[in-house]
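Taking it in order: structure first as structure tokens, then the write-up.
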Amino acid sequence: MLRWVIPLALLVLFIGYGLLSSRNPRLNEVVAYFDELPPHLHGLRILQITDLHSDDPYVMNVDIWGIVDEAEFDIAVITGDIVLDGGWRRADPILELNPHWQQLEALANRVPTFFVEGNHETAHLQRFMAIMDELGITFLYNEEYELDINGGILTIIGTQDYSAMLRYGFDGKEALFGHFDPPFRLVLSHQPQIFDRIKHDGAMMVLAGHTHGGQVRLPFLPTLYAPGQGWFPSYGKGLYSYADGLAQMYVCSGIGTTYFTWRFFNPPQVTVIELRRR
């Protein structure tokens, strides 16, 4: 009987650590190096928040705002899924009732802040456009925005959710990438699969979410499953590169959950990505 005590205790510790560590949000800092980064963008720090899934009582809500307050960054981007679609239908999240609205407004007052829709917002497009406008957040929907940074321009492109692109026959390339050629683009997209369609089109940093990093992970193993990509996805979590870093993408595992209210060996995270000239 005693021979099972130690393995059982180790198993309990393994499961307990995997669950408890996933309730504690963290700030992840990433540096992306580019040969063709314009000098005025060297050192630019971008805060990425994704997949809050914040308005459903059955979904884990994590307080990230103490981490955000202490972080240093120049602009902020929110790459979709700040609500859960089912929760939206059950209760209309008025601005003052949603647990994150006030913090999002404070973030927009601090730095230029941009939002692109996720798959949980596509059914409420007009309402979200109005809410983001009220919060002072720029909602980019298949459009570009020129932001003044250190006396130069940063071209930011925001896309609709990738599933909606495929559904309505828009691939995110001709409309947004074919008519002008800035030296560098910051591309915001909820789902990372778009990278395969645009990575051939020059220097860019793509920021995406959606995968939750698999939500359930095992130590030392890659992402096991991601929605829209299936088992052992090409893009699960972390930094990806094409053409020796000409185009790069960071996939943030985000904060919230769907379907079940816990993560495993996958702490909620917000990320600061710093762009540097190589």
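The values are calculated or read from the model by the stated rules, or taken from the named source; none is laboratory data. Please read all numbers here as calculations on a predicted model, not as lab measurements. No Cβ is skipped: glycine too gets one built from the backbone with ideal geometry, and neighbour counts run over all protein chains shown. These area figures cover heavy atoms from the full protein model, side chains too; ligands, DNA and RNA do not enter into them. Shrake-Rupley method; radii C 1.70, N 1.55, O 1.52, S 1.80 Å.
Annotations for the structure displayed:
- For segment 35-42, the Karplus equation 6.51 cos²θ - 1.76 cosθ + 1.60, evaluated at θ = phi - 60°, returns couplings of 6, 9, 6, x, x, 6, 9, 5 Hz by residue, with Gly and Pro reported as x.
- For residue 225, distant residues with modelled amide H under 5 Å away: 232
- Dipole-positive endmost among 205, 221, 272 within segment 149-278 (Cβ charges, Cα centre): 221
- For segment 135-278, the relative contact order is 17 percent, taking Cα pairs closer than 8 Å that sit 6 or more residues apart in sequence and dividing their mean separation by the residue count.
- Relative contact order [Cα under 8 Å, 6+ residues apart], segment 184-234, whole percent: 30
- Legend: residues 105, 36, 121, sorted from most to least accessible area (1.4 Å probe; ligands, DNA and RNA excluded), read 36, 105, 121.
- Calculated from backbone phi, Karplus (6.51, -1.76, 1.60) coupling profile of segment 65-73 in Hz, x at Gly/Pro: 6, x, 5, 4, 4, 8, 6, 10, 7
- With every protein chain in place and a 1.4 angstrom probe, the accessible-area ranking of 259, 162, largest first, reads 259, 162.
- Accessible area per residue was computed with a 1.4 Å probe on protein heavy atoms; residue 240 scores about 50 Å².
- Largest first, the residues 139, 115, 232 sort by 1.4 Å accessible area into 232, 139, 115.
- Nearest-10 value in Å² for the accessible area of residue 237, using the 1.4 Å probe: 50
- As a calculated quantity, the FRET efficiency between residue 145 and residue 42 at R0 = 25 Å, using C-beta atoms, amounts to about 0.75.
- Stretching the chain fully between residue 123 and residue 72 yields a gain of 15.0 nm (0.36 nm per residue, less the alpha carbon separation).
- Measuring nothing but how far apart in sequence close Cα pairs (under 8 Å, 6+ apart) lie, relative to its length, segment 101-154 scores a relative contact order of 37 percent.
- Amide H contacts under 5 Å for residue 143, placed H, 5+ residues apart: 158
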